[in-house]
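**Q** Quick one: the structure is below, and I'll ask about it shortly.
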Amino acid sequence: MRILILSDLHGNTWALQAVLQAAGQVDAILFAGDAVNYGPSPRGVVSWLRRVGAVAVRGNHDHAAAFGGDPKAAPRKAPLANALLEWTRKELRPEDVAYLKSLPLYAVWAADGTRFALVHGSLQDPLYDYRLDPEAGDEALLEAAQTLRAEVVVFGHTHLPFVRRIGGKLFVNPGSAGQPLDGDPRASFAIYEDGEARLERVEYDLKGLLRALEAMPLDPRRKEELRLLYQEAR
């Protein structure tokens, strides 16, 4: 079985299209949350997730867009996230909001005798936990998955990709497909195949994304912040 693992698309259908082309034929799609906010195409991402029947969980930006409130983004990005959230809510259709509300905080899915657990942040704090980045120790990762009966644990939220095997568990953070923050602006994703996961990167139509950003009704200062975020991936 060949599985595409994605997270943190953030309304970026330009990156999504490039990922799908690069990934090729897959048997299933796992999505670790944050379909919306920041990017100019939240409806496009939600429509795609619904159409393909992705196994998906709710991220902090999905939760804020669907239920209201503060997405509690990282402090450096919080003003930008909050500035864009109102626009994102207005863009979403009722059926999009209903889909985001329906997403679970964590999910367990099985295929070919392997169980996959998905959560955006961590089991202890599904929406807002930023601790599980590439620098996290083995103990922190095992604690995050200690009550999950799964061989593969998938999470996102940090936008920092890594794969690590600890004992009988494989931990996968595919990074952010729609808004990388590790200094590499290419879309990040993972492919699971033959019991292993590998990280992949692909260039996408960044110019097309930036043109769409320019058309958004935002303060020029916020547009510049967003442009740099996508270009510098930091």
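**Q** Can you give the Kirkwood hydrodynamic radius for the chain, in Å, rounded to one decimal and based on Cα pairs? Display every interim value, and only then the final one.
**A** Numbers: mean 1/r = 0.0575 Å⁻¹.
Kirkwood hydrodynamic radius for the chain: 17.4 Å.
**Q** Neighbouring Cβ atoms within 10 Å as the yardstick, rank TRP109, TRP14, TRP48 fewest first.
**A** Ranking TRP109, TRP14, TRP48 by Cβ neighbours within 10 Å, fewest first, gives TRP109, TRP48, TRP14.
**Q** Separate question: Does anything in segment 122-163 have its amide N under 17 Å from the 7 Å Cα→Cβ label point of ALA74, and if so which residues?
**A** Under 17 Å, as judged by backbone N against the label point of ALA74, lie 122, 127-137, 155-163 of segment 122-163.
**Q** Please give the contour-minus-distance gain from ALA111 to GLU225: 0.36 nm per residue of separation, less the Cα-Cα distance, rounded to one decimal in nm.
**A** Answer, rounded to one decimal: 36.9 nm.
**Q** Note down the magnitude of the dipole of segment 2-232 about its Cα centre, charges +1 on Lys and Arg C-beta and -1 on Asp and Glu C-beta and zero elsewhere, to the nearest 20 debye.
**A** Computed about the Cα centre, the dipole is about 580 debye.
**Q** Taking 0.36 nm per residue of sequence separation and subtracting the Cα-Cα distance, how much length would be gained by fully extending the chain between LEU142 and ALA215, in nm to one decimal?
**A** Numbers: separation 73, 0.36 × 73 = 26.28 nm, distance 4.43 nm.
Taking 0.36 nm per residue and subtracting the Cα distance, the gain is 21.9 nm.
**Q** Another question, then. Taking only the Cα atoms of segment 123-229, how large is their convex hull per residue, in Å³?
**A** Considering the Cα atoms of segment 123-229, their hull volume per residue is 119 Å³.
We did not get these values from a lab; they are worked out from the coordinates using the rules stated. Note that this is a predicted model, so its numbers are computed, not measured. Virtual Cβ from ideal backbone geometry, glycine too; neighbours counted across all protein chains shown.
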